[in-house]
Amino acid sequence: MAKKRNLKKVINYICSNLFAECVAASLYGVKTNEENVNALLSSILRMHNDYISRISHPEPGILPKNYYKNILESFNKDVSEVIDQISNMN
């Protein structure tokens, strides 16, 4: 990613799609526990807020290239976990 702005746009796009997919899976899939769906939706929102704030306020003392690389790796890992949880709802 060349700019923070582009990275934030990508995170916004992915999190909004995850949120929409979770809502769609809960509405059109097999009946699921509403508490589990709400917990998953809130975890997506927390993940979004966490990564946006980490990009906006980087930690001092870490090389920017390494810092943003670590953010991307952990974001991809978290997205994979959320996708697995959504697929297990059905």
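The values are calculated or read from the model by the stated rules, or taken from the named source; none is laboratory data. This structure is a prediction, so every number in the text was calculated from the model and none was measured. Here the Cβ is made from the backbone with ideal geometry for all residues, glycine too, and neighbour counts use every protein chain on show. Calculation scope for accessible area: heavy atoms of the full protein, side chains included, ligands and nucleic acids excluded. Shrake-Rupley method; radii C 1.70, N 1.55, O 1.52, S 1.80 Å.
How large is ³J(HN,Hα), in whole Hz, for each residue of region 19-31 in order, when computed from phi with the Karplus curve 6.51 cos²θ - 1.76 cosθ + 1.60 and θ = phi - 60°, using x for Gly and Pro?
My calculation for region 19-31 gives 4, 5, 5, 5, 5, 5, 5, 6, 7, 9, x, 5, 4 Hz in order.
Taking θ = phi - 60°, what integer Hz values does the Karplus form 6.51 cos²θ - 1.76 cosθ + 1.60 yield along region 33-42, in sequence order, with x for Gly and Pro?
Residue by residue, region 33-42 yields 5, 5, 5, 5, 5, 5, 5, 5, 5, 5 Hz.
Among (1) 48, 19, 16; (2) 48, 34, 20; (3) 46, 27, 22, find the value of Cα extents along the principal axes in Å that was calculated from the structure presented, and write down its label.
Checking each listed value against the structure points to (1).
For the peptides 23-34, 6-17, what is the packing order when you average, over each peptide's residues, the other Cβ atoms within 10 Å and list the highest mean first?
Values: 23-34: 11.8, 6-17: 14.7.
Output ranking for 23-34, 6-17: 6-17, 23-34.
Using the Karplus curve 6.51 cos²θ - 1.76 cosθ + 1.60 with θ = phi - 60°, what ³J(HN,Hα) values do you get for each residue of region 64-74, in whole Hz, with x for Gly and Pro?
x, 4, 5, 4, 6, 5, 5, 4, 4, 5, 6
Pop out the carbon and sulfur fraction of the accessible area of the chain as a percent, whole number, probe 1.4 Å. It would help to have the intermediate numbers written out before the result.
Details: 3430 of 6250 Å².
Of the solvent-accessible surface of the chain, carbon and sulfur hold 55 percent.
Spin-label point model (7 Å from Cα, Cβ direction): what's the Ser80 to Lys9 distance in nm?
Between Ser80 and Lys9, the simple spin-label model gives 2.7 nm.
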